[in-house]
1. Let me check I've understood the local charge: for V120, count other residues with C-beta under 9 angstrom from its C-beta, Lys and Arg +1, Asp and Glu -1. What total comes out?
2. Enumerate the residues in region 45-74 having an amide nitrogen under 20 Å from the point lying 7 Å beyond the Cα of R96 toward its Cβ.
3. How far apart, in nm, are two points set 7 Å out from the Cα along the Cα-to-Cβ line at Q161 and at Q203?
4. Which residues among region 22-52 fall inside the zone where the amide N is under 19 Å from a point 7 Å beyond the Cα of A9, along Cα→Cβ?
5. Tell me, what is the per residue accessible area of region 1-137 in Å², probe radius 1.4 Å?
6. Probe radius 1.4 Å, ligands and nucleic acids ignored: give me the carbon and sulfur share of the accessible area of region 1-121 as a rounded percent.
7. Under unit Cβ charges (Lys, Arg +1; Asp, Glu -1), what dipole magnitude, rounded to 20 debye, does region 1-81 have relative to its Cα centre?
8. What is the spread of the Cα atoms of region 1-122 along each of their three principal axes, largest first, in whole Å?
Amino acid sequence: MESRALCIAAPPLGHLIALERWSGSAVVENLQGAGVKVVFEKEMGAVDFLLPNRSCVLYVSECDIIAGNAYKRKLVRFRNANSSSVQEVVVVERSRLSEQYFPSLQRFVVLELGLTLLPVSDQREAAQLLSQMVHSAGRDNPFRRRSVSRLYEPQLLLLLQQIPGVGGVKASSLLHSFSSLQELCGAGLPQLEALVGHAAAQQIHTFLHADLV
């Protein structure tokens with residue numbers, strides 16, 4: 001079932017459509033202060049914000065993260081509800097309180113769901129990010145997913161380099177060798193060993209298949 005947001009016409013340049021629950025929030029107040037015209041909708045499925053370039057944004061707050069795993073079900077609905085014609089972006093509050101949960105969340109969003117994740121410290125920084133995306137609509141969107149055959153995104157490169165024994169060269173080799181995140185996650189140890197060696201392959205396999213908490 002497609003997201004309700006896909007049934008809503010994309011806002012004109014300089015505008016943003018927000019779920020009504022964001023009315024009066026620091027995000028909206030700072031967006032309006034930056035010259036963004038905000039229009040509210042009562043229902044947009046799992047989407048919090050819709051941008052002029054039809055980017056759909058889901059916001060995961062600090063409270064969502066520390067409250068438990070319910071936000072993961074919303075992330076799955078968000079991924080499943082939207083079509084390939086829109087860019088799905090997950091904005092996450094990475095704070096002192098949520099920091100301990102962030103690696104697990106990042107792995108889930110980027111590796112499991114294949115979504116773009118953008119961390120922010122608070123709602124004010126989120127508003128700055130959304131404002132930049134609104135005002136850049138019509139120009140090249142730096143957050144737009146590459147089409148394709150090869151998924152090679154800076155955030156994924158950095159994520160892989162967090163695995164012990166995997167540096168920039170090995171991470172780049174992995175991203176150039178697999179056509180999708182799902183293919184990388186489904187790779188067996190022999191495939192990984194041929195690219196990065198036995199020790200690093202074991203670390204990568206453990207990292208990709210660790211239980212998410």
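The values are calculated or read from the model by the stated rules, or taken from the named source; none is laboratory data. These numbers were taken from a predicted model, which means no experiment stands behind them. Backbone-built Cβ (ideal geometry, glycine too); neighbour counts: all protein chains shown. Ligands, DNA and RNA are stripped out before the accessible areas are found, and what is left, the full protein with its side chains, is counted by its heavy atoms. Shrake-Rupley method; radii C 1.70, N 1.55, O 1.52, S 1.80 Å.
1. On the way: positive: R94, R124; negative: E93, D122, E125.
Its environment carries a net charge of -1.
2. Hits in region 45-74 for R96 at 20 Å: 61-67.
3. It is 1.4 nm.
4. Answer for this model: 37-44, 50-52.
5. 44 Å²
6. Numbers: 2720 of 5340 Å².
Solvent-exposed carbon and sulfur of region 1-121 make up 51 percent of the total.
7. Working: 10 positive and 8 negative charges, 59 e Å.
Approximately 280 debye in magnitude.
8. 38, 33, 20
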